[in-house]
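Trainee: Questions regarding the structure given below will be posed in turn.
The values are calculated or read from the model by the stated rules, or taken from the named source; none is laboratory data. Just so you know, these numbers come straight off a predicted model, no measurement behind them. Counting neighbours? That spans all protein chains shown, and the Cβs are built from the backbone with ideal geometry, glycine included. Side chains are part of the model used for accessible areas, which takes the heavy atoms of the whole protein and leaves out ligands, DNA and RNA. Shrake-Rupley method; radii C 1.70, N 1.55, O 1.52, S 1.80 Å.
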Amino acid sequence: MKEQDLKELGEAVLKETRTDITPKQLIKAVMKSHPQASKKEIVRAAFYALIAHAGNEPEKAGILQDFAITERTKDDE
């Protein structure tokens, strides 16, 4: 995945992130706007968004961190 693609996907993840969304709903919402993205790419983009925007949107940082770590762990199983 190219850096620009990761950035665009990270922006989509950040845009869809809110306190009442489940990981499954977040993946589905991002896939609506980026149907070519895999779950693994969405999780990577969540890590990117967390690192790039944690200071700008601290309320979303915790949500993104929980999502990215939880979903990454599921992929490793």
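Trainee: Provide the per residue accessible area, probe 1.4 Å, for the range 30-77, rounded to a whole number of square angstrom.
Mentor: Accessible area per residue: 61 Å².
Trainee: Of the accessible area of the chain, with the probe set at 1.4 angstrom, what percent is carbon plus sulfur?
Mentor: Percent of accessible area from carbon and sulfur atoms in the chain: 51.
Trainee: Name all residues of the range 1-34 having a backbone nitrogen under 12 Å from the label point set 7 Å from the Cα of Ile51 along its Cα→Cβ direction, giving them as ranges.
Mentor: 3, 7
Trainee: If you compute Rg/Rh (Cα atoms, Kirkwood Rh) for the structure shown, which of (i) 1.18; (ii) 0.96; (iii) 0.92 do you land on?
Mentor: Correct label is (iii).
Trainee: Next question, about the same structure. Where nothing but the Cβ of Lys and Arg (+1) and of Asp and Glu (-1) is charged, how large is the charge dipole of the chain around its Cα centre, in debye to the nearest 20?
Mentor: Dipole magnitude for the chain comes out near 200 debye.
Trainee: Fully extended, how many nm does the chain gain between Thr19 and Gln36 (0.36 nm per residue separation, minus their Cα-Cα distance)?
Mentor: 3.6 nm
Trainee: Could you order peptides 17-27, 45-55, 62-72 by the average number of other Cβ atoms within 10 Å of their residues, highest first?
Mentor: Ranked by mean Cβ neighbours within 10 Å, highest first: 45-55, 62-72, 17-27.
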